[in-house]
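Enquirer: My questions will all concern the structure given below.
A short reminder: the numbers here are calculations on the coordinates, not readings from a lab. This is a predicted model, so every value here is computed, not measured. Backbone-built Cβ (ideal geometry, glycine too); neighbour counts: all protein chains shown.
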Amino acid sequence: MGTSSNEIPDDRHPGEVRNVAEPDGTSVRLRGDHDLSTVGRLATALVEAVTTGTGNVVVDLREVTFMDASTVGSLIRGRNLLAMSETRQLFVRHPSDASRRLLELVRLGDLIQPHAGGPRPPASALESWVEVPEAAPTSAGRPPVPALPAPAPAAAAAEGSVR
């Protein structure tokens, strides 16, 4: 049967899931589109990684072109399975732009593993930070309160604002 002009072309890429053993744990690699149709395979892969592995579980999302809330729910359930362990965690590595946006939207950006040894991805305005060295404690055991800069004289401030 031919394609009618009313049909929407399906350019989706069915999701693939595979587990890969790594020296420090298990990597669960996702590829393509992930939604309710693939959540069962993802859940099975995560349970297998949690129950048969010994290290961290790292979910690699670099090849994900789409993911929805059911995929996020599976990641949360996987993280919760490892919650009882004091030495194992679930991380997300190399999220695609689409998966990063969704994880940040649902406030799960903390699952994203920082790039080891490489440059950090660009941070959004809400994620940017500056490393601040810890101040040495005072004799009272508390860190010193930083001094505020002296205010500019009123005349100089007025001259600087008028041009």
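Enquirer: How much length is gained on full extension from Leu105 to His13, taking 0.36 nm per residue of separation minus their Cα-Cα distance? Please list the in-between numbers first.
Expert: Numbers: separation 92, 0.36 × 92 = 33.12 nm, distance 2.31 nm.
Contour length minus Cα-Cα distance gives 30.8 nm.
Enquirer: Taking 7 Å along the Cα-to-C-beta vector as the label spot, tell me the Glu48-Ala83 distance in nanometres, rounded to one decimal.
Expert: Distance between the two pseudo-spin positions: 2.5 nm.
Enquirer: If I take R0 = 22 Å and measure r between the Cβ atoms of Glu22 and Ser96 in this structure, what FRET efficiency does the formula 1/(1 + (r/R0)^6) give, to the nearest 0.05?
Expert: Efficiency, rounded to the nearest 0.05: 0.65.
Enquirer: Over its Cα atoms, what ratio of radius of gyration to 2.2 N^0.38 Å does segment 16-111 give? Walk me through the numbers on the way to the answer.
Expert: Numbers: Rg = 12.0 Å, N = 96, 2.2 N^0.38 = 12.5 Å.
Here the answer is 0.96, to two decimals.
Enquirer: Kindly rank 83-91, 24-32 from highest to lowest mean number of other beta carbons found within 10 Å of each residue. Walk me through the intermediate numbers first.
Expert: Values: 83-91: 12.9, 24-32: 19.4.
Final packing ranking: 24-32, 83-91.
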